[in-house]
Amino acid sequence: MAALPAGARTLVASLLDAADRRNVAVYLVGGPVRDLMLGRVLRDVDLIVEPRDGQGAAELVRAASLAGVRVVSHDRFGTLRIESSHGPAEEAGALDLATVRSERYAHPGALPTVGPGTLEDDLRRRDFTVNALALPLSASARRARPPILDLEDGLRDLEARTLRVFHAASFHDDPTRALRAARLAARLGFTLSRSSRSALRDALRDGAFGRVSGERLKREIDKLFEDARLGLDPAVALGLLSEWHVLGALEPGLLLPRRALAPLRRLGRTIAAPSWPPRRSRPWVAGLATWLAPLDPGLRARTLRRFAVRGELAQRIAGFPKRRDATLRALARARGRGAIDAVLDPVSDEEMLAFFAWAPPTMRRRILRHAVEDRPRRSPVNGEDLLALGLAGPAVGRALARIRSAYLDGAVKTREDALALARELGRRRSAARTPGRRSRRPQGNSPRDGPQEGP
């Protein structure tokens, strides 16, 4: 229990208490067991239940009487997501719980059809042997099973740092396992076994990847770049997919451009940084923009369609190279933090990540300072303050921009300074719009006019 994420321990303890009262077997399975055996920090908790008298995961949750939790059911896959927000945010926890299942594929590349099964069925439905390990947790499970349930030499593969699929048709059944293999290999430093490479080549030869929906591919790309938060180098994962000839199978002509390698590595390190980017940002958006930037525009557009990226977001990723070049030129010309803010403030978090990945060192320093220091700062006045001073319409926006620029440059330090500048801007605007206020010299009084003749 001590190795589990702190926020999930109370949830697991409540479920195990209910399991012991009902004599139900509960196991920790999959990636968490793998990471535990490797001595890595556990970030997820996946539990499975062997049903007793038809009572499975849902009944165990009800028996546990969990307080302050949200339970989300994914009926298609027979899983429950249990999330707790009780207590401080850092103590919140979550876990996934399922009754043991079997699965079958209607055709290669289809989502699996999930049905009842045994513990052995559930373990063999997983992608790689190192993810098919089970650790008995409840008293009933510990009595019935060995300390680690390992059906297919997953522990030996862990020691050899090898990813191995269960059977020769594994990549035919689910080609997205190749993308997961690249992610795991990059994150764990593993290699794909010889038999698995052979199985992957057969799936590529038979066109299995063409049957996978764009939505599923997008989810895998999302996970690939999201894993950068855990230390994965996206350039390594994409490099493996290129080496395995998977990228070209996803979209003809798709590759990993050599020019994108350094920006992708830089992007991965930045995503993993604690201070930036914010958690709400979507690393996959920055990742696609960075990766696809050197490609031909037509190939970029086709790849985005293949990955089911549509609408305005697709247009922004496809048009990223032009905006990158224009923005970096404007950033190079900007003088002062206010001017830099004017260039970067309208930019989304994801696009700024991609700008940073491609920028030269001097520009990266400007982007990082803006993102970490200036972007979070709030001007001392807002639109309502300026409306109260009598400004209206577009003048409010222009005044706010001037005040923010002066604030970041240090010319405006307090709210009183900001209001004084707003009044001055209002007076200038009023003077410019009032007829007769502009000073006019009588004709002939200008030194340029010289002496004037009389009438």
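The values are calculated or read from the model by the stated rules, or taken from the named source; none is laboratory data. Computed from a predicted model, the values in this text were never measured in an experiment. Cβ coordinates were reconstructed from backbone atoms using ideal geometry, including for glycine residues, and neighbour counts include every protein chain displayed.
Annotations
- Filtered by the rule that a residue be surrounded by fewer than 19 Cβ atoms within 10 Å (Cβ to Cβ), part of a loop (DSSP other than H, G, I, E, B), in contact with a Leu (Cβ under 7 Å, 6 or more places away or on another chain) and at negative phi, the stretch 245-255 gives a lone residue, 255.
- When the test is whether a residue is outside any helix (DSSP H, G or I), in contact with a Lys or Arg (Cβ under 8 Å, 6 or more places away or on another chain), on the phi < 0 side of the Ramachandran plot and crowded, with 21+ Cβ neighbours inside 10 Å, residue 224 does not pass it.
- Members of the stretch 151-167 found to be buried (at least 19 other Cβ atoms within 10 Å of the Cβ), closer than 25 Å to residue 25 by Cβ and touching a Leu at 6+ places or on another chain (Cβ under 6 Å), listed by number: 154
- Some residue of the stretch 296-315 being over 21 Å from the mean Cα position of the chain (by Cα) and either assigned to a loop (DSSP other than H, G, I, E, B) or at pLDDT below 95 (or both): yes
- Condition check for residue 237 on (1) out of contact with any Lys or Arg (no Cβ under 9 Å at 6 or more places or on another chain); (2) in a helix (DSSP H, G or I); (3) closer than 25 Å to residue 172 by Cα: one failure, at (1).
- Qualifying residue in the stretch 158-165 (condition: within 25 Å of residue 49 (Cα to Cα), assigned by TED's automatic domain parsing to the domain that holds residue 42 and part of a loop (DSSP other than H, G, I, E, B)): no
- Considering residues of the stretch 168-218 that are more than 26 Å from residue 231 (Cβ to Cβ) and of a type in the set (A, V, I, L, M) only, the residue surrounded by the most Cβ atoms within 10 Å (Cβ to Cβ): 203
- Of all the listed residues (326, 301), the sole one being surrounded by fewer than 16 Cβ atoms within 10 Å (Cβ to Cβ) and out of contact with any Leu (no Cβ under 9 Å at 6 or more places or on another chain) is 326.
Condition check ((1) at pLDDT 95 or above; (2) at positive phi; (3) in contact with a Gly (Cβ under 8 Å, 6 or more places away or on another chain); (4) among the small types (Gly, Ala, Ser)) across all residues:
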residue	(1), (2), (3), (4)
356	yes, no, no, no
360	yes, no, no, no
375	no, no, no, no
379	no, no, no, yes
385	no, no, no, no
396	no, no, yes, no
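- Residue 343 meets all of the listed conditions (1) among the β-branched types (Val, Ile, Thr); (2) under 21 Å from residue 266 (Cα atoms); (3) free of Cβ contacts under 8 Å to residues at least 40 places away in the same chain but one, namely (2).
- Count of the stretch 337-369 residues which are over 19 Å from the mean Cα position of the chain (by Cα), of a type outside the set (A, V, I, L, M, F, W, C) and in a helix (DSSP H, G or I): 9
- Residue list for the stretch 112-151, restricted to those being farther than 29 Å from residue 168 by Cβ and either touching a residue at least 60 places away in the same chain (Cβ under 8 Å) or assigned to a loop (DSSP other than H, G, I, E, B) (or both): 136, 137, 138, 139, 140, 141, 144, 147
- Verdict on residue 260 being within 30 Å of residue 156 (Cα to Cα), among the aliphatic types (A, V, I, L, M) and surrounded by 15 or more Cβ atoms within 10 Å (Cβ to Cβ): no
- Residues in the stretch 262-274 include at least one that is outside any helix (DSSP H, G or I) and either in contact (Cβ under 8 Å) with a residue 24 or more places away in the chain or farther than 13 Å from residue 351 by Cα (or both).
- Residue within the stretch 189-199 that is farther than 16 Å from residue 268 by Cβ and without any contact (Cβ under 8 Å) to a residue 24 or more places away in the chain present: yes
- Residue check, residue 159 among the charged types (D, E, K, R) and modelled with pLDDT under 95: no
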